[in-house]
Amino acid sequence: MKIYLNGKLVDKEDAKISVYDHGLLYGDGVFEGIRSYDCLVFKLKEHIDRLYNSAQAIRLKITLTKEEMIKAVIGTLKANKLRDAYIRVVVTRGEGDLGLDPRKCKAPSIFIITDKIVLYPKQLYEKGLSIVTVPTPRNIPEALNPQIKSLNYLNNILAKIEAINFNVEEALMLNKDGLVAECTGDNIFMLKNHTLMTPPTAIGVLAGITRQCVLDLAPKSGLNAEEKLITRYDLFNADEVFLTGTAAEIIPVVNIDGRTICNGKPGKFTLNLIKEFRKVTKTQGVRYAL
Ligand code: PMP
């Protein structure tokens, strides 16, 4: 497997970065998780835009143009002859000294990993996922805005550990005001009376690419869609609940905090959205040839 590392394609064994890299020392950097479906990099431009916005928010200057970054992603996929892949693009502050000062880091480290996608088991899509609300709140936007997809994922990892302690795969994270925010690696949606709702990004939520895709798909599926403040009360009374994310795509939720959502089965609108989403993954993005 070839890895893109600072302008070169190198073997996985040789893809190494310094222990002085501030991405490693401080989580000082940004990243994206992207997918390709049958030689189409799904929503690549949207992911690259979010990467550069995250970088801008932490005053990290990416030394490649967006066009060069897109070429680097495609080049890595081609080098590895991957039709279907999970793609990780990482930009760190680069090598510095042991202090925090980003000015000491002369150039960012940029690497791209393309690998086989590891999916949730198929039965979870058919039966639905159980999640629990965890005690750790989502980072407050005033401190570290969840809209920045930074390398500092400890907030999410702490929540994930709490979910694992309750024997479930995903954690429902609330914001500091107790409003529903998102899960550790996915956005959350609920459906009530033909209206799809998801929390607004301003309360401290990543602007998920899949989230936006679902908001765009709603009218076609006969649904209204809106960004709305959501409480656990709302979720407990929802007709349907599901999560969205690049790796998970759309996954139904049937149980929250030990309470069954609606009839405990994936809802028909969720299943229809999954179908519609699969169609979109075949058409929207940047194509490449192997
Ligand atoms: N929230 C968080 C915290 C995430 O890490 C992710 C995955 N990147 C998402 C939501 C879903 O975003 P996307 O649909 O862009 O993958």
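The values are calculated or read from the model by the stated rules, or taken from the named source; none is laboratory data. Source: prediction; values computed, not measured. Every residue, glycine as well, gets a Cβ built from its backbone with ideal geometry; the counts of neighbours run over all protein chains shown. Just the protein is used for accessible areas: all its heavy atoms, side chains included, with ligands, DNA and RNA removed. Shrake-Rupley method; radii C 1.70, N 1.55, O 1.52, S 1.80 Å.
At a glance:
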| read-out | value |
| --- | --- |
| Per-peptide average of other Cβ atoms within 10 Å, ordering 55-62, 85-92, 33-40 highest first | 85-92, 33-40, 55-62 |
| Amide H partners (placed H, <5 Å) of V253, local residues excluded | L129, V241, F242, L243 |
| Residue-span extension gain [V10 to T195] - 0.36 nm each, minus C-alpha spacing | 61.8 nm |
| Accessible carbon and sulfur surface of the range 122-280 relative to its total accessible area, %, 1.4 Å | 53 |
| E170 long-range amide H proximity, modeled H, under 5 Å | V132 |
| The range 8-161 shape via C-alpha gyration tensor axes, a/c threshold 1.5 | oblate |
| Full-extension gain in nm, L290 to L158, via 0.36 nm per residue minus C-alpha separation | 43.5 nm |
| Interchain or long-range residues, amide H under 5 Å from L196's placed H | N224, A225, E226 |
| Centroid-to-centroid separation of the range 1-51 and the range 67-95 [C-alpha atoms, Å] | 6 |
| Debye, to nearest 20: dipole size of the range 118-270, +1 on Lys, Arg Cβ, -1 on Asp, Glu Cβ | 180 |
| Cut-off 12 Å between beta-carbons: net charge of the residues surrounding I230, Lys and Arg +1, Asp and Glu -1 | -2 |
| Difference of contour (0.36 nm per residue) and Cα-Cα distance, D84 to D101 | 2.2 nm |
| Cα gyration tensor, the range 133-290 - rounded (a/c under 1.5), prolate or oblate | oblate |
| For peptides 127-138, 160-171, sequence by mean Cβ density within 10 Å, most packed first | 127-138, 160-171 |
| Listed residues T246, T260, T65, most fluctuating in the chain (Gaussian network, C-alpha, under 10 Å) | T65 |
| Listed residue pairs exceeding 32 Å between alpha carbons, taken from K16/K282; K43/K104; K12/K43; K12/K104; K61/K116; K228/K282 | K16/K282; K43/K104 |
| J(HN,Hα) series, the range 53-58, from Karplus relation 6.51 cos²θ - 1.76 cosθ + 1.60, nearest Hz, glycine and proline x | 5, 4, 5, 4, 5, 9 |
| Calculated from backbone phi, Karplus (6.51, -1.76, 1.60) coupling profile of the range 42-52 in Hz, x at Gly/Pro | 5, 6, 4, 4, 5, 5, 5, 4, 5, 4, 6 |
| N224-T283 pseudo-label distance in nm [points 7 Å out on the Cα-to-Cβ vector] | 2.6 |
| Residue-normalised accessible area of the chain, expressed per residue, 1.4 Å probe, Å² | 49 |
